[in-house]
Amino acid sequence: MNEPLLVFRGIEKSFAGSQILRNVDLLLYPGNCILLSGKNGAGKSTLLKIIAGLETPEQAEIEYSGESHSWKTVIRSIRKNIIYLHQQPFLFSGTVLSNVAYGLRFTSLNRKQRRESVIEALEWAGLTDVATQDAKTLSRGVQQRVAFTRAWILKPKVLLLDEPMANMDHESREQTSLLLRRMKSSGMSIVVTSHMQQYYDGLADQHFHFKRGRLVP
Amino acid sequence: MSGLLINTQQALQLLLSGDPKLWSIVIISFSVSLKAIVLTTPLALLVAFALNHGNFPGIRFIVAVFNSLLSVPTVVIGLFLYVLLSRQGPFGDLRLLFTQTAMVIGQMFLCFPILVALGYAAIQAADQRVWETARTLGAPSWFSMLTVFYEVRFGLLAAVLTGFGRIISEVGISMMVGGNIMGYTRNITTAIALETSKGEFAQGIALGLVLLTLAFLLTVFLSYIQGKKEFAA
């Protein structure tokens, strides 16, 4: 394996006096997919949110650019390369197009480049036909694809997915799986949580299980 | 009964004939209240957002204070402001007493807790994923906040309309710090109080009809917004 993209070490987190994460280490490699499994409430989503900078850990170190930093000091600078997707993605009020374009306004792309990127992304995900539809009226499977596309268009280095295929029909799962493979092959590091290990056969390179707040292979 | 009918008929004639004295009162009312609501809304929504997303001690206490201020009598605010702005008061040198500015300030005090309390409730009802999604997609904090506001826009609009309804129909503040000066600080409610005390019911009823029409329109609009909100959900 290449050099890791990011290394998270010693993540500790507790809620209401109960320790959810105990000294968790996670190494993220480019083009690598990690599957995290565990019971409900084991801390899978919390771990992903800490990596994404959406939750604050009690303790965590991040190895980045060959140096070790505390989570608090570097998370702001690295979070732009990390995107977290909820189990049920939230699509903003508006069309599929406006949702896909949302994050581009915070990049250095100009208006024309942004429009071209959106068109390319919609074609990539096969969403061109629904581009002008109200995003909230779409089926769960299509909403998930819109959320993936909204993330993919920003070309993040790390993609964090919380149960992306839960409650999906077979066809939607197939399409989601295809998008995940494409994202992985483009060099993204993917961390996915799931109860359904079989959906990620051939996609996940590593599998860790949560046991009493620790990650075990 | 016939007296009331005659007065109402005269009131309608005053309204429809475009009586300048009457309409200047209406314009002053709307001008003062619109300024108050426009100036208060941004700050109140920021406070409501900070109370929702902030992580500092005493948040629940502050929210409870704002909730209890919802029912503060307008004359109490009027009295408080009168003391501050009167010649002997700490802001007496500003010579704001009996001006429209004083009325605007008083109405801002009145609608601020309404906007904070109702705005807080609207933002609290927002899905936590809105903020998290905006942040993870690279939006800075201020833009993420605007995104949350947009997602709960119907609730926030209802809060603003409720605040506007409250201030345009208040009488205590306008009377105490406005002084009810014709053509300058006389608004709908203070004019109704004055005309009624003089026995001039027609103008009072005409102005009352304006307020009732406004109340009706606000209610219809709020119902429409409520319908849109349920549809969006």
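Derivation of every value follows stated rules applied to the coordinates shown; laboratory data play no part. Predicted model, so just to flag it, every value in this text is computed and none were measured. Note: ideal-geometry Cβ built from the backbone for every residue, glycine included; neighbour counts use all protein chains shown.
Results, tabulated for the structure shown:
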read-out: Within a Gaussian network of chain B (alpha carbon springs, distance under 10 Å), most fluctuating of B:139, B:126, B:158; value: B:139
read-out: Between the range A:151-217 and the range A:70-147, the alpha-carbon center distance in angstrom; value: 18 Å
read-out: Over the range B:155-212: Rg over Rh, Cα atoms, Kirkwood Rh; value: 1.05
read-out: log10 of Debye I(q)/I(0), alpha-carbon scatterers only, for the range A:104-195 at 0.13, 0.14, 0.22, 0.26 Å⁻¹; value: -0.45, -0.52, -1.23, -1.50
read-out: Dimensionless Rg ratio for the range B:42-108, taking C-alpha atoms and the 2.2 N^0.38 Å reference; value: 1.40
read-out: Normalised convex hull volume, the range B:125-170, alpha-carbon set, Å³ per residue; value: 65 Å³
read-out: Projected area, mean over directions - the range A:12-67, Cα convex hull, nm²; value: 4.6 nm²
read-out: Dipole of the range A:67-211 [Lys/Arg +1, Asp/Glu -1 at C-beta], most positive-end residue of A:177, A:188, A:73; value: A:73
read-out: The range A:6-216: Rg to Rh, with Rh as the Kirkwood radius over Cα pairs; value: 0.97
read-out: For the range B:6-68, the Rg and Dmax computed from alpha carbons only, in angstrom; value: 20.8, 61
read-out: Pairwise Cα inverse-distance average, inverted: Kirkwood Rh of the range B:66-167 (Å); value: 15.7 Å
read-out: For q = 0.10, 0.21 Å⁻¹, Debye-computed log10 I/I(0) when each Cα of the range A:1-116 counts as one equal scatterer; value: -0.39, -1.22
read-out: Per principal axis, descending, Cα span of the range A:54-177 in whole Å; value: 46, 38, 23
read-out: Cα pair count fraction exceeding 31 Å, expressed as % - the range B:2-232; value: 33 percent
read-out: Net charge over other residues, Cβ less than 11 angstrom from the Cβ of residue A:168 (K, R count +1; D, E count -1); value: -1
read-out: Mean separation of Cα contacts under 8 Å (6+ apart) over length of chain A, as relative contact order %; value: 31 percent
read-out: Cα centroid separation - the range B:134-149 against the range B:69-99, whole Å; value: 39 Å
read-out: Computed [θ] at 222 nm, deg cm²/dmol, the protein assembly as shown (DSSP H ≥ 4; -39,500 (n - 2.57); rounded to nearest 500); value: -17500 deg cm²/dmol
read-out: For chain A, share of DSSP beta bridges that run antiparallel, in % to the nearest 5; value: 55 percent
read-out: Share antiparallel - DSSP beta bridges, the protein assembly as shown, percent rounded to 5; value: 55 percent
read-out: Per-residue average of Cβ from other chains inside 10 Å of B:135-145; value: 5
read-out: Charged-residue dipole, Cβ positions (Lys, Arg, Asp, Glu), the range B:2-232 about Cα centre, Debye nearest 20; value: 200 debye
read-out: Rh (Kirkwood; distinct C-alpha pairs) - the protein assembly as shown, Å; value: 25.8 Å
read-out: About the Cα centre, charge dipole magnitude for the protein assembly as shown (Lys/Arg +1, Asp/Glu -1 at Cβ), debye; value: 460 debye
read-out: GluC sites (Glu not before Pro) lying in DSSP loop within the range A:57-126, provided at most 15 other Cβ fall within 10 Å; value: A:58
